[in-house]
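Laboratory data are not the source of any read-out in this text; all were calculated from the coordinates shown. Quick caveat, the model's predicted, so the values are computed rather than measured. All Cβ positions, even for glycine, are placed from backbone atoms using ideal geometry, and neighbour counts span all protein chains on display.
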Amino acid sequence: MQPNPELVGVSCSLCGSNHHRLLFKKRGNFYKIPFCIVRCMRCGLVFVNPRLSDKAITVLYDDDYFKGEGFDPIARYEAGEANALQKKAEAAAVLRTAELVTGISPPMKLVDVGCGVGNMLEVASNLGYDVLGIDAAAHAVSMARRRGFNAICGKLDEIGIDRKFDVAVMTETVEHLPNPKQVVDAVHRALNPGGWFIILTGNVASLEARLFSSSWEYFKPEGHLSYFSPSTMGLLLRQFSYVRIIPFPREVARAVLRLAGAFRAPGQGSSNKGVFSFLGRHRLASRMLFNLLSSFESAGSALIVLARK
Ligand SMILES: [Zn+2]
């Protein structure tokens, strides 16, 4: 652990403005120093400023991080089967929701940007997608490869990938990125026309975030550098000409999938196949349902955003 990490002052990564106001300070778990969480006065993005330098950030994602011994105690990717099952159930819920709303279905080429140890890769592969994972953390990539998945170590905006994909997934990743615009641009270029980009991240506009303020569990200012809302996520995606952007709370998706019997805890059987097959067959009805539910954007703590190229 470094006692005095290097910090860098940054402009708003969405609009470039240098005008922001301090919301609060919060101490990190790893470097044990206070960080300032600010809100951009022009676009509303909430972000850490000053933040750790790129070099200090790289140190965060060592082997200990994946054991839950780094800046984020709940990132317990090696904590055993129960934890892996939960992560896979979450990954399945995100993907099934996207299938329901967008009509995507395997076989399709899918890239998981920030694939970690490969839970989404396993879920998507089992559903029939042709998957590729990308992650900047070498330890995560080696674990994903050990599980038999094709994974590249690097950053999508730097490695210049020549393949095209029908679906790009980025779960719990965009908040970690020092340069979200560059990565979203790289995803846009990597998608086939009509391809879908699926994002999961915390929702700073949620009731939970507002109630808990600095105690909200998503505020981990060493590694979580930006905190998005439906509004700022829309601003980010519209800069890259996505033609349809659908944000809704993860908890709403869970409720709908639970109703439909598609979101099942590990080992739990499907209880409501009829509703799921109805929604599956009546795509317009499921879209209308999600559009209606998306108006409850402050519900829950996390946000799923679907964007079409
Ligand atoms: Zn801004």
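Summary table below
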| read-out | value |
| --- | --- |
| Ranking of Y65, Y227 by count of other Cβ atoms within 10 Å, fewest first | Y65, Y227 |
| 12 Å beta-carbon shell around L191, net charge (K/R +1, D/E -1) | +4 |
| Inter-label distance for A138 and S53, nm, one decimal - labels placed 7 Å from Cα along Cα-to-Cβ | 2.0 nm |
| Which of K87, K309 has the fewest Cβ neighbours within 10 Å, and the rest in rising order | K309, K87 |
| Theoretical FRET efficiency, 1/(1+(r/R0)^6), r = Cβ-Cβ of L23 and Q182, R0 25 Å, to 0.05 | 0.50 |
| Residue pairs, from the table K26/K55; K25/K155; K55/K109; K87/K309; K87/K220, whose Cα atoms sit over 31 Å apart | K55/K109 |
| Theoretical gain in end-to-end length, S105 to I161 [0.36 nm per residue, Cα-Cα removed] | 17.8 nm |
| Sorted by Cβ density within 10 Å, fewest first, the residues M120, M143, M233, M41 | M41, M143, M233, M120 |
| Extension gain from R238 to R147, taking 0.36 nm per residue of separation minus the Cα-Cα distance | 29.2 nm |
